[in-house]
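Written out below as structure tokens is the structure these notes cover.
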Amino acid sequence: MILDIISKKANKYELTKEELETIFMGYLNDEVKDYQMSAFLMAICINDMSDSEVFALTDIFIKSGDILDLSFIDKIKVDKHSTGGVGDKTTLIVAPLVASLNVPVIKMSGRGLGYTGGTIDKLESIPGFRVSLTEEEIKKQAQDIGIVITSQTKDLAPLDKKVYALRDVTATTNSIPLIASSIMSKKIAGGADKIVIDIKVGCGALIKTKEEAERLSSLLIKIGTYYQEEVRTVISNMDRPLGHNIGNKLEVLEALEVLKGNVKGELLDLSVELASKMVSMGKGINESDARKEVLESLENGKALNKFLEFVKYQHGNIDDLEIDAKVYNIKANKSGTLKNINALSIAKLSESLGAGRKSKDDDIDYNAGVVIKKDIGDEIKEGDLLASLYTNIDNPKFNLDGIFEIS
Ligand code: URA
């Protein structure tokens, strides 16, 4: 039976929901082996899935675990998801910004693995910050201040978790239908009413081309329609890192600067765009009116105050964010215009400094990371400071190849 299902997909036939259930639930229950699921996932990567197969798979993922019930909040709950990027700290900015406008944000976030960071690691770099909350605590905090960011309390979409771990080691991560069902199953099981998804595209992202990003966007929206959940997407660049700081505590510091109004540029612009979509969906107003409210909340300090209130409520001490690491300054070895900063190479550098995990049980150094000192388009003179590297590794060796393109 399992072999018939694998052959059917390998021969480009559409599978029924029952067939998908047989193989995927069989995998969750250890009846289907890793090598069988690997072959099946590769057949999906090569031969794609129809929309009805994707809807069925999303359903199977959702029903494999718990479903969070956020109905105790009587307002529309809007969630935000990023497909993963380098220096992407938008959640730290967008969540308090949206909550400051009375749209509740109750978010389950994850840890980082490999080159992409996780919001939970970033928050945990704030001394004292509690990332594991009980359901009772989540409920009380949501009612008291309208914003909660916590690590997953329930077992949401455990089948996706198991399949994702296998995809990670079988070169099957970049299948659009698998990505779409993976993301949507977790968001729906997480209790969101409406969802904004930031699709990263570029060398530092899972999705490498604009065409793939557009296909993913349309599939995410279709899955949303199937579940009667409104989904809006943003496609954003990940050829270069987002903002100047990469590394957990460094990213919290940069997010704080954005909320204080001290940082302009791509990070601020993307945060405003995501927040405007969320506020528009949460309040049922158009995006340009929502944008006015978002900009006002940044200007009058409400967003910053909501962030400080949120950190304090989860026991974090924001006044204690000193970077405790040795600093190594990287200088330009030639003059010219800074044409690009390679996101993937910066992410690898940051991981080598101790800021990322190679496998999921590795420890990370919250203080480690990179601060980029120049912007794309800047005129550079030989000897100018390009970046400061922070690490606690003794005698570190840096691979700076291909990071700064100056010509
Ligand atoms: N993010 C997810 O949650 N799943 C994927 O498959 C890719 C990005």
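The values are calculated or read from the model by the stated rules, or taken from the named source; none is laboratory data. Remember, it's a predicted structure, so these values are computed and weren't measured experimentally. So basically every Cβ, Gly included, is an ideal-geometry build from the backbone, and we count neighbours across all protein chains shown. Areas reflect the complete protein model, heavy atoms only, side chains present, ligands, DNA and RNA absent. Shrake-Rupley method; radii C 1.70, N 1.55, O 1.52, S 1.80 Å.
Considering only GLY118, GLY377, GLY354, the mean-square fluctuation computed in a Gaussian network model of the chain, springs between alpha carbons under 10 angstrom, is largest for GLY377. When TYR164, TYR227, TYR27 are compared by accessible area at a 1.4 angstrom probe, the order from most to least is TYR164, TYR227, TYR27. Measuring r between the beta carbons of ASN262 and ASP363 and using R0 = 30 Å, the FRET efficiency lands at 0.40. Relative to the dominant Cα principal axis of the chain, helix 176-189 is inclined by about 90°.
Taking label positions 7 Å along the Cα-Cβ direction at both GLU21 and GLU299, the computed distance is 5.5 nm, reported to one decimal. Computed about its Cα centre, the charge dipole of segment 172-319 is approximately 280 debye, with only Lys, Arg, Asp and Glu carrying charge at their Cβ.
Counting protein heavy atoms only, the chain has 47 percent of its accessible area on carbon and sulfur, 1.4 angstrom probe.
Subtract the Cα-Cα distance of LYS331 and ASP289 from 0.36 nm times their separation in residues, and report this length gain in nm to one decimal.
Values: separation 42, 0.36 × 42 = 15.12 nm, distance 4.42 nm.
Contour length minus Cα-Cα distance gives 10.7 nm.
Dipole of segment 324-406, Cα-centred, from +1 at each Lys and Arg C-beta and -1 at each Asp and Glu C-beta, to the nearest 20 debye?
Details: 12 positive and 14 negative charges, 36 e Å.
Around 180 debye, computed over segment 324-406.
For the listed residue pairs LYS80/LYS162; LYS302/LYS348; LYS200/LYS326; LYS89/LYS339; LYS187/LYS397, the alpha carbons are over 29 angstrom apart in LYS302/LYS348; LYS200/LYS326; LYS187/LYS397. Here the extension length gained between SER218 and ILE393 equals 58.6 nm, from 0.36 nm per residue of separation less the Cα-Cα distance. Quick one: helix 17-28 against the long Cα principal axis of the chain, what's the angle to the nearest 10°, folded into 0 to 90? Relative to the chain, helix 17-28 is tipped by roughly 60 degrees. Bridgeable aspartates and glutamates around LYS12 (alpha carbons under 13 Å apart, same-chain partners fewer than 8 residues away excluded): ASP4, ASP48, GLU53. Each of ILE195, GLY383, ALA205 was placed along the dipole of the chain (beta-carbon charges, centred on the mean Cα), and the one lying farthest toward the positive end is GLY383. Here is the list for segment 225-269: trypsin sites (Lys or Arg not before Pro) lying in DSSP coil, each with at most 10 other C-beta atoms within 10 angstrom of its C-beta, are LYS264.
As a test, work out the antiparallel percent of DSSP beta bridges whose residues both lie in the chain, rounded to the nearest 5. Display every interim value, and only then the final one.
Working: 18 of 37 bridges.
Around 50 percent antiparallel, to the nearest 5.
Give me the extension gain from MET1 to LYS33: residue separation times 0.36 nm, minus the current Cα-Cα distance, reported in nm with one decimal.
Details: separation 32, 0.36 × 32 = 11.52 nm, distance 1.34 nm.
Difference between extended and current length: 10.2 nm.
May I ask for the distance between the Cα centers of segment 235-277 and segment 335-356, given as a whole number of Å? Result: 16 Å between the Cα centres. Mean projected area of the Cα convex hull of segment 324-406, taken over all directions, amounts to 5.5 nm².
At a 1.4 Å probe radius, which order do TYR313, TYR35 fall into by accessible area, largest first?
On the way: TYR313 75, TYR35 165 Å².
Largest accessible area first, the residues go TYR35, TYR313.
Return the loop-located trypsin sites (Lys or Arg not before Pro) in segment 350-407 (DSSP other than H, G, I, E, B) with at most 16 other Cβ atoms within 10 Å of their own Cβ; answer none if there are none. All intermediate terms of the calculation are to be shown ahead of the outcome.
Values: sites: ARG357, LYS358, LYS360, LYS373, LYS374, LYS381, LYS397; in loops: ARG357, LYS358, LYS360, LYS373, LYS374, LYS381, LYS397.
Passing both the DSSP loop test and the Cβ count: LYS358, LYS360, LYS373, LYS381, LYS397.
When only the Cβ of Lys, Arg, Asp and Glu is charged (+1, +1, -1, -1), the dipole of the chain relative to its Cα centre reaches about 420 debye.
How far is helix 210-226 tilted, in degrees, relative to the longest principal axis of the Cα atoms in the chain, given as a value from 0 to 90 rounded to the nearest 10? In the chain, helix 210-226 runs at an angle near 60 degrees to the longest axis. By the gyration tensor of its Cα atoms, with a ≥ b ≥ c the square roots of the eigenvalues, what is the shape of the chain: rounded for a/c under 1.5, prolate for a/b over b/c, or oblate? Oblate, because a/c is 1.5 or more while a/b does not exceed b/c.
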